[in-house]
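Derivation of every value follows stated rules applied to the coordinates shown; laboratory data play no part. These figures come from a predicted structure and were not determined experimentally. Cβ atoms come from the backbone with ideal geometry, glycine included; neighbour counts cover every protein chain shown.
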Amino acid sequence: MLELLCRLASRGYKKSSRHSDESLELYDAGLGNWREVESKSTEFYTKSVWLFITTIYRINQDVKKRFERFMSSVTLASEQDDVTAVFILQSPRDKNSNAKSLIENWIHEYATLENIVFGLVDNIGRKVSSINGVLKTLTSQSVLCIGWLDDDILFQPELISQMNGKFFSNENYLAIGATKQAIARKYRWARLLTHAKAAMSTPVTKYPSGCAILIDRKRFIDGIPNRYDSDDDYICFELISDIRGNGQLPWHINSETVCIHLVGGPFGQSKKRIRRSLLWMSIFLADYKTKGSGFYFTQIAFFGMWPITKFDRSNGTTRGIQKMILKYIYFVWFCRFFFELVIRGLISRPLETVDWAAYNNPTFGVEDE
């Protein structure tokens, strides 16, 4: 029965063909023009490549400060290992000329920066297509890993050097993540959501977040399938199959590397965000029903939901009971979206897209630095 439900849920999502991979254009500083990237056409010769991805609608002083901090982090990391930085601007095709002008202004403004490539992808909100666009250009065997940072987090300049150092010092790790520190926005719902997420967390098996992540280039050489828009969920489910017999995880959350992110917003926006998250969880659990779903369900998503999964006594019985109650609430919410996909699969009316759910004013204000 469970296998049948998973098969139906998997059929309940069929990505529309209009969401195929978009083109990536890179600015050639030597020629002073733009060119569309073809597969395996561009060489990066550094050991690591780091991406900073944003959209034309998010460019403001706040994002510029994020970018400047990103480049400071790249410069610091370059003192130990070769690093190439790639700035990707996402823009609708009808605004490409404006986007190119904006990037060229940045190139002029940041003319003194080294080891930086500027690129343009004709989409909005699909970070995966930007990641894939860069991955398909990596032909040099010298590139060992690729990482990326979101444009709405705070982080220290040491972030990239610390994550690179952890990756290069341990060949067993196929993904490295930063430790996320949550700050609730100034909404009652946001404070409640932040508390609930902290209470439900399982640090032992927590997997890297896509807001600050570094992955093994060879393990993900083919990129992320076009079916998925959730980068970190895909990486997690793929790496579950690489867990060793002794239980050693193929990923690592670096406790020394901290990134700060804002959590929550108005109730309506938060609800859409939760819906997106649970839909992707449902899709991945259905697609990976024989390859990782069991571990994800029992050890990550619903660990502590006794008696279905193990009771969590790591922080005491009282906290364990609190976690169990919250996990059951979370489970009921999850079932609502999982069975939406099951019904869609049953009646052959699949969901064609899982819409991005952004918060208004998603980044920190410059004054909050």
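Which of rounded, prolate or oblate describes segment 99-159 when judged by the alpha-carbon gyration tensor and an a/c cut-off of 1.5? Taking the square roots of the gyration eigenvalues as a ≥ b ≥ c, segment 99-159 is rounded.
Would you list which aspartates and glutamates come within 20 Å of K15, measuring only between C-alpha atoms, while excluding same-chain residues fewer than 8 positions from it? Leaving aside aspartates and glutamates fewer than 8 places away in the same chain, those within reach of K15 are D122, D222, D229, D231, D232, D233, E238, D287, E340, E352, D355.
With +1 assigned to the C-beta of every Lys and Arg and -1 to the C-beta of every Asp and Glu, and no other charges, what is the dipole magnitude of segment 49-150 about the Cα centre in debye, to the nearest 20?
On the way: 11 positive and 11 negative charges, 98 e Å.
That gives a dipole near 460 debye.
In segment 77-157, Cα pairs under 8 Å separated by at least six residues give a relative contact order of 34 percent. A simple charge model with +1 on the Cβ of Lys and Arg, -1 on the Cβ of Asp and Glu and nothing else charged puts the dipole of the chain at about 2100 debye relative to its Cα centre.
Note on segment 240-311: dipole from Cβ charges, positive end direction compared against F267, I253, S277; the farthest Cα belongs to F267.
Computed about the Cα centre, the dipole magnitude for segment 225-319 is approximately 460 debye when only Lys and Arg (+1) and Asp and Glu (-1) carry charge, each at its Cβ.
Between the C-alpha center of segment 134-156 and that of segment 63-124 there is a gap of 12 Å. Distance cut-off 27 Å, Cα to Cα: go down the list K166/K186; K127/K289; K206/K323; K64/K186; K186/K327; K197/K272 and report the pairs above it. Correct reply: K166/K186. Counting only DSSP H runs of at least 4 residues, each contributing -39500 (n - 2.57), and dividing by the residue count of the chain, the helix-based mean residue ellipticity at 222 nm comes to -12000 deg cm²/dmol. On full extension, the segment bounded by S241 and I321 gains 25.7 nm, given 0.36 nm per residue less the C-alpha separation. Reported to the nearest whole Å, the Cα centre-to-centre distance from segment 202-231 to segment 294-345 is 22.
Considering only S201, P307, I243, the residue lying farthest towards the positive end of the dipole of segment 200-330 is P307, judged by Cα position with unit charges set on Cβ.
Multiplying the residue separation of I347 and N170 by 0.36 nm and removing their Cα-Cα distance gives an extension gain of 58.9 nm. Ranking of W189, W148 by neighbouring Cβ atoms within 10 Å, starting from the fewest: W189, W148.
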